[in-house]
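Below is one structure, written out as structure tokens; the observations come after it.
The values are calculated or read from the model by the stated rules, or taken from the named source; none is laboratory data. Note that this is a predicted model, so its numbers are computed, not measured. Backbone-built Cβ (ideal geometry, glycine too); neighbour counts: all protein chains shown. SASA here: full protein model, heavy atoms, side chains in, ligands and nucleic acids out. Shrake-Rupley method; radii C 1.70, N 1.55, O 1.52, S 1.80 Å.
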Amino acid sequence: MNLSLVTVELPESVYWPLKILFCVAAAYVFYQIMADINDGFVIRRGVVYSLESEPRSFYINIIKRFVIFAVLVWFGTSGTRKKVIPSSGN
């Protein structure tokens with residue numbers, strides 16, 4: 001089974017800044033996940049989902065944020081490559 005994940009080729013001028021931006025965004029999302037788990041509630045679009053009253057909605061929102069975190073980590077580490085510009089050397 002060959003599993004092929006999405007990769008993005010970036011120009012060399014924006015390669016490192018975007019990788020750093022993805023990693024910083026991933027760290028922020030991870031911080032939000034940990035804060036929500038620690039507090040026991042998630043605020044989504046002005047509605048508070050608590051672990052005690054609505055556990056299914058709480059865990060769905062945590063899983064959604066974890067997926068966003070995983071995607072940001074993927075693009076911040078292995079999901080981006082430098083664009084190779086072929087040179088026509090005679």
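Can you tell me which residue in segment 48-62 is modelled with the highest pLDDT, limited to those that are hydrophobic (A, V, I, L, M, F, W, C) and open to solvent by 70 Å² or more (accessible area, probe 1.4 Å)?
At the first step, the residues of segment 48-62 found to be hydrophobic (A, V, I, L, M, F, W, C) are 48, 51, 58, 60, 62.
Cutting the leftovers down to open to solvent by 70 Å² or more (accessible area, probe 1.4 Å) gives us 48, 60.
Details: VAL48: 82, ILE60: 90.
Going through the qualifying residues, I end up with ILE60.
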Has segment 11-25 got at least one residue that is modelled with pLDDT under 90 and in contact with a helix residue (DSSP H, G or I) (Cβ under 7 Å, 6 or more places away or on another chain)?
no
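Take the conditions part of a helix (DSSP H, G or I), exposed (fewer than 13 other Cβ atoms within 10 Å of the Cβ) and not aliphatic (A, V, I, L, M) and apply them to TYR31. Does it pass?
It is true that TYR31 is part of a helix (DSSP H, G or I), exposed (fewer than 13 other Cβ atoms within 10 Å of the Cβ) and not aliphatic (A, V, I, L, M).
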Please count how many residues of segment 63-83 are open to solvent by 50 Å² or more (accessible area, probe 1.4 Å), in contact (Cβ under 8 Å) with a residue 24 or more places away in the chain and hydrophobic (A, V, I, L, M, F, W, C).
4
Take ALA26 and tell me if it is under 15 Å from ILE63 (Cα atoms), under 12 Å from the mean Cα position of the chain (by Cα) and part of a helix (DSSP H, G or I).
yes
Please enumerate the residues belonging to segment 34-47 that are open to solvent by 90 Å² or more (accessible area, probe 1.4 Å) and modelled with pLDDT under 85.
ILE43, ARG45
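Tally time: how many residues in segment 38-90 are among the aromatic types (Phe, Trp, Tyr) and farther than 23 Å from VAL6 by Cβ? If you could, list the steps in order and put the result at the bottom.
Residues of segment 38-90 among the aromatic types (Phe, Trp, Tyr): 41, 49, 58-59, 66, 69, 74-75.
Checking the rest, the ones that are also farther than 23 Å from VAL6 by Cβ come to 41, 49, 58-59.
Matching residues across segment 38-90 total 4.
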